[in-house]
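Here's the structure, in structure tokens; my notes come after.
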Amino acid sequence: EIKSLLSLHGGQFSGEQEIRVNSPFWILSIPSEEMARGLMKRTVCAKSIFELWGHGRSAGELYASLKNYPVDKMLPYLQSDSTYKIHIHTFNKTLTQAQKIKKIDALEFLPFKGKVNLKKPEHIFWILEDYGMDPNNVPEEPFHLYFGRWIADGQRELIESYSVKKRHFIGNTSMDACLSFIMANHGRVKPDDVVYDPFVGTGGLLISSAHFGAYVCGTDIDYNTIHGLGKATRKNQKWRGPDENIRANLRQYGLEKYYLDALVSDSSRPIWRKGMLFDAIITDPPYGIREATRRTGSQKETVKTAERSTENHIFVSSSYHLSDIFFDLLKFAAEYLVMGGRLVYWLPIYRPEYTEEIIPRHPCLKLISNCEQMLSSHTSRRLITMEKVKEFKDQDQNSYLLDGQYMPYRGHNSFREKYFSGVTKRIAKEEKDNQK
């Protein structure tokens, strides 16, 4: 998430930080404080950002680093007519109040001229100490120490204010608010973008993109969900109410003006005119476990189900293999994304058999990131982010990556079909076992 936002707002990881990727404290090189604030207005992963005045592997190194920090950069925040306070934050260790005071007093060599104000200070400074990631092996002294001026906090309060528990319209697989915002940030969604979800469901992923000022739309094969009909998901409620729909969700958060529409449509048969349309495609495809994987069928095909959604609305659906879903999704993104636009989606995997080669690829899309969310010891899902880097041509219509080369796709002969069949069955079995 941070790397995506840095590419959007400006900045990069420092060379030193690239070596210490597991640290809870990250050093970034950002050109201006304005850019730093812009990043923090978006992130739900980062807690706070600071202007770094000094750091080291010991207290002595920290103090030496602070003494080498340019005084002219310090002085605007240390004036006699200003107020300040100093916080201490320790990761993986708790300090007594006496220990904290001792560490603060050790900074008396800094040229603070203002008055201490613990309630409403003009400037806030932090000492940050890193005691590692292992709670069972906490060292006596920190591995790294940092001192800096607080600039801004992240947007972690969005997780609570957009909680699915408080949402007007939800379904069995409504996306967690935190993950929804992370996906929008991976997609680098910005004001006036057009964002599309081909498996829109109850529209949870549209909300986060609309929050960042993008116009949103989606499609889904489920007529009942799009129209807010049928049985309710919420406990102690039998049927959905008359105003339970995607538009009502966006209205709940004051985002209705960003809502374009939601249509009943089969994602395997695009309804859009040719040409680039979307700045980002952000979606959570069905895995065939809680939500069925379906596409429109005909009487000639092997019919799995025939459903009547309303008195006058009948459609026939046939099986839609998981590997075909991802192939169709990548093909659609390659054709309908603007250049530089991003596709963000979840890919279920069975961890003992997972290799990176299993990730679907397309010649028009570059893999940007691949992040794992653990579901159990054997199963997880990976958040895949891809960026369009090449114009879509007719020869790219049916291509997929095999052994480093793009080959013609042959539907159910795909080398991924067997793998994804196994993934679905194993995840379904684990869910059943967990319910028992």
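Pairing residues of the range 46-72 that are part of a strand (DSSP E or B) with residues that are basic (Lys, Arg) and surrounded by 17 or more Cβ atoms within 10 Å (Cβ to Cβ), at Cβ distances under 7 Å and at least 6 apart in sequence or on separate chains, gives 50/149; 51/149; 53/149.
Against the numbered list (1) touching a Phe, Trp or Tyr at 6+ places or on another chain (Cβ under 9 Å); (2) farther than 30 Å from residue 327 by Cβ; (3) not aliphatic (A, V, I, L, M), residue 237 comes up short only at (1).
Assess whether residue 269 counts as being open to solvent by 60 Å² or more (accessible area, probe 1.4 Å) and part of a helix (DSSP H, G or I).
no
A count restricted to the range 73-100 and to residues that are under 20 Å from residue 54 (Cβ atoms), among the aliphatic types (A, V, I, L, M) and not in a loop (DSSP other than H, G, I, E, B) stands at 4.
Quick grid of which residues meet (1) open to solvent by 30 Å² or more (accessible area, probe 1.4 Å); (2) at pLDDT below 95:
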residue: 326; (1), (2): no, yes
residue: 338; (1), (2): yes, no
residue: 343; (1), (2): no, no
residue: 351; (1), (2): yes, yes
residue: 358; (1), (2): no, yes
residue: 370; (1), (2): yes, no
residue: 391; (1), (2): yes, yes
residue: 397; (1), (2): yes, yes
residue: 400; (1), (2): no, yes
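Comparison of 365, 375 shows that the only residue that is at pLDDT below 90 and either open to solvent by less than 70 Å² (accessible area, probe 1.4 Å) or within 22 Å of the chain's Cα centre (by Cα) (or both) is 375.
In the range 151-168, is there at least one residue being outside any loop (DSSP other than H, G, I, E, B) and more than 21 Å from the chain's Cα centre (by Cα)?
Yes, some residue in the range 151-168 is outside any loop (DSSP other than H, G, I, E, B) and more than 21 Å from the chain's Cα centre (by Cα).
Scanning the range 169-190 for residues that are more than 19 Å from residue 286 (Cα to Cα), open to solvent by less than 30 Å² (accessible area, probe 1.4 Å) and more than 10 Å from the chain's Cα centre (by Cα) turns up just one, 189. The residue of the range 244-266 that is nearest to residue 212 (Cα to Cα), among those that are surrounded by fewer than 21 Cβ atoms within 10 Å (Cβ to Cβ) and among the small types (Gly, Ala, Ser), is 254. For the range 102-150, taking the residues that are in a loop (DSSP other than H, G, I, E, B) and free of Cβ contacts under 8 Å to residues at least 24 places away in the same chain, the one that is surrounded by the most Cβ atoms within 10 Å (Cβ to Cβ) is identified as 139. When residues in the range 90-101 are screened for being surrounded by 10 or more Cβ atoms within 10 Å (Cβ to Cβ) and of a type outside the set (D, E, K, R), 6 of them pass.
Filtered by the rule that a residue be part of a loop (DSSP other than H, G, I, E, B) and over 21 Å from the mean Cα position of the chain (by Cα), the range 343-362 gives 354, 355. Taken over the range 238-266, the criterion of being assigned to a loop (DSSP other than H, G, I, E, B) and either modelled with pLDDT of 85 or more or not assigned by the TED database to the domain that holds residue 200 (or both) is satisfied by 244, 245, 253, 254, 255, 265, 266.
Under the condition of being without any contact (Cβ under 8 Å) to a residue 60 or more places away in the chain and closer than 19 Å to residue 383 by Cβ, the residues counted in the range 163-202 number 5. Within the range 39-81, being open to solvent by less than 60 Å² (accessible area, probe 1.4 Å), within 17 Å of residue 128 (Cβ to Cβ) and among the charged types (D, E, K, R) holds for one residue alone: 51. For the range 173-191, the set of residues classified as within 15 Å of residue 346 (Cβ to Cβ) and either outside the structural domain of residue 282 (by the TED database) or part of a loop (DSSP other than H, G, I, E, B) (or both) consists of 173, 174, 175, 176, 187, listed by residue number. Looking at the range 206-237, which of its residues are assigned to a helix (DSSP H, G or I), touching a Gly at 6+ places or on another chain (Cβ under 9 Å) and open to solvent by less than 10 Å² (accessible area, probe 1.4 Å)? Across the range 206-237, the qualifying residues are 206, 209.
The values are calculated or read from the model by the stated rules, or taken from the named source; none is laboratory data. From a predicted model like this one, the values you see are computed outputs, not experimental measurements. Don't worry about glycine lacking a Cβ; one is built from the backbone with ideal geometry, like all the others, and counts go over all protein chains shown. We work out accessible area using only protein heavy atoms, side chains counted, and drop any ligands, DNA or RNA first. Shrake-Rupley method; radii C 1.70, N 1.55, O 1.52, S 1.80 Å.
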